[in-house]
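Visitor: Can you keep this structure in mind? I'll have questions shortly.
The values are calculated or read from the model by the stated rules, or taken from the named source; none is laboratory data. Keep in mind that what you see is a predicted model, and the values were worked out from it rather than measured. Methodologically, a virtual Cβ is constructed for each residue, glycine included, from the backbone with ideal geometry; neighbour enumeration extends over all protein chains shown.
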Amino acid sequence: MQINESQNLPEIKGFIKNTLIEWDGFLSSEVFLPNCNFRCPFCHSYKLVQSPGEIPSLKWEEVLSYITGKNQWVDGLVICGGEPLMDKNIVSCLRMLKAKGVKVKIDTNGYFPETLKKILEEKLVAYAAMDVKAPLNTEDYGAAAGVKNIDISRIKDSIGIIMEFLPDYEFRTTACPVFVNENNIRDISSAIRGAKKYSIQQFNPENCLSAELRKVKPYSKEYMENMRKTAGEYVRNCIVKGV
Ligand code: SF4
């Protein structure tokens with residue numbers, strides 16, 4: 001698969017050839033881009049976030065040969081990270097993928113509404129999954145994202161952009177007991193009221209960024225189900241994952 005050599009593309013730090021769990025109804029490939037502006041204590045991709053230079057980079061040619069070559073039965077490509085939308089080459093990369101007929105799902109932390117709007121206006125992605133990590137106030141959100149001085153208006157803008165421009169999307173919250181309880185889920189669901197899909201993801205303490213959090217017990221299945229029911233009062237479809 002030829003790529004224009006003058007084209008700047010994001011670095012790739014990981015490639016999964018086939019997955020059925022990252023994009024509902026799709027057999028996808030998945031690439032992992034380095035770097036993130038957040039430091040969520042429950043992050044499992046923290047090597048990509050904290051020390052991406054230690055991970056060898058892969059070639060886009062390898063990815064494209066797989067998904068557009070003899071494996072054309074792959075339905076789409078999931079681009080996750082890290083935070084893909086902070087990469088200065090992401091827009092040109094998505095344009096290149098669209099030109100090659102590759103359907104793309106993007107995972108984002110929602111902190112780059114300008115880039116998000118650009119790629120949605122140009123119809124460069126078919127699906128977006130955006131984290132809404134905590135209630136939309138500086139203190140709660142900053143704690144869950146592991147950063148100070150967070151600008152909540154950027155998260156709010158991204159929620160609005162996704163709901164306005166994309167027919168298919170989901171919002172996601174990791175139900176880490178230190179940062180999110182059922183009342184918080186009510187606040188979050190209210191902030192995404194009417195959303196097509198909302199996933200509440202079970203917290204996995206194993207090997208997360210914060211050593212302290214590795215000792216925290218995840219919520220019970222029953223509590224997760226209660227949160228799902230609460231969120232269901234506000235969004236069109238709410239599911240729990242990982243229980
Ligand atoms: S936004 Fe995602 S990749 Fe970035 S630190 Fe948080 S969980 Fe990790």
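Visitor: Kindly check whether there is at least one residue in the range 3-23 that is at pLDDT 95 or above, hydrophobic (A, V, I, L, M, F, W, C), within 16 Å of the ligand (Cβ to nearest atom) and in a helix (DSSP H, G or I).
Guide: No, that holds for no residue.
Visitor: Of 145, 191, which residue is within 12 Å of the ligand (Cβ to nearest atom), of a type in the set (A, V, I, L, M) and under 24 Å from residue 120 (Cβ atoms)?
Guide: Within the list 145, 191, the selection yields 145.
Visitor: Taking only the range 207-243 into account, find how many residues are in contact (Cβ under 8 Å) with a residue 40 or more places away in the chain and assigned to a loop (DSSP other than H, G, I, E, B).
Guide: Of the residues in the range 207-243, 15 are in contact (Cβ under 8 Å) with a residue 40 or more places away in the chain and assigned to a loop (DSSP other than H, G, I, E, B).
Visitor: Specify which of the listed residues (134, 99) is farther than 17 Å from residue 11 by Cβ, crowded, with 22+ Cβ neighbours inside 10 Å and hydrophobic (A, V, I, L, M, F, W, C).
Guide: After applying the criteria, what remains is 134.
Visitor: Residue by residue through the range 33-61, note down the ones that are exposed (fewer than 15 other Cβ atoms within 10 Å of the Cβ) and either of a type in the set (Lys, Arg) or touching a Phe, Trp or Tyr at 6+ places or on another chain (Cβ under 7 Å) (or both).
Guide: 39, 59
Visitor: Which residue pairs have Cβ atoms closer than 7 Å, lie 6 or more positions apart in sequence or on different chains, and pair a first residue in the range 80-97 that is in contact (Cβ under 8 Å) with a residue 24 or more places away in the chain with a second residue that is of a type in the set (Gly, Ala, Ser) and within 16 Å of the ligand (Cβ to nearest atom)?
Guide: Qualifying pairs under 7 Å: 81/45; 82/45.
Visitor: Considering 157, 107, 151, 140, which residue is within 11 Å of the ligand (Cβ to nearest atom) and not β-branched (Val, Ile, Thr)?
Guide: None of the others qualify; the one that does is 107.
Visitor: Just give me the residues in the range 35-55 being more than 10 Å from the ligand (Cβ to nearest atom), in a loop (DSSP other than H, G, I, E, B) and touching a Pro at 6+ places or on another chain (Cβ under 8 Å), in sequence order.
Guide: Hit for the range 35-55 is 55, nothing else.
Visitor: Determine if the range 56-76 includes at least one residue that is modelled with pLDDT of 95 or more and within 14 Å of the ligand (Cβ to nearest atom).
Guide: No, that holds for no residue.
Visitor: What about residue 127, is it hydroxyl-bearing (Ser, Thr, Tyr) and within 11 Å of the ligand (Cβ to nearest atom)?
Guide: The answer is no for residue 127.
Visitor: Of the residues 234, 223, which single one is farther than 23 Å from residue 41 by Cβ and over 20 Å from the mean Cα position of the chain (by Cα)?
Guide: Only one candidate passes the filter, namely 234.
Visitor: I'm trying to understand the selection: among the residues of the range 103-126, which are of a type in the set (Ser, Thr, Tyr) and surrounded by fewer than 21 Cβ atoms within 10 Å (Cβ to Cβ)?
Guide: 115
Visitor: Would you pick out the residues in the range 158-188 that are acidic (Asp, Glu) and more than 17 Å from the chain's Cα centre (by Cα)?
Guide: Selection gives 164, 182, 187.
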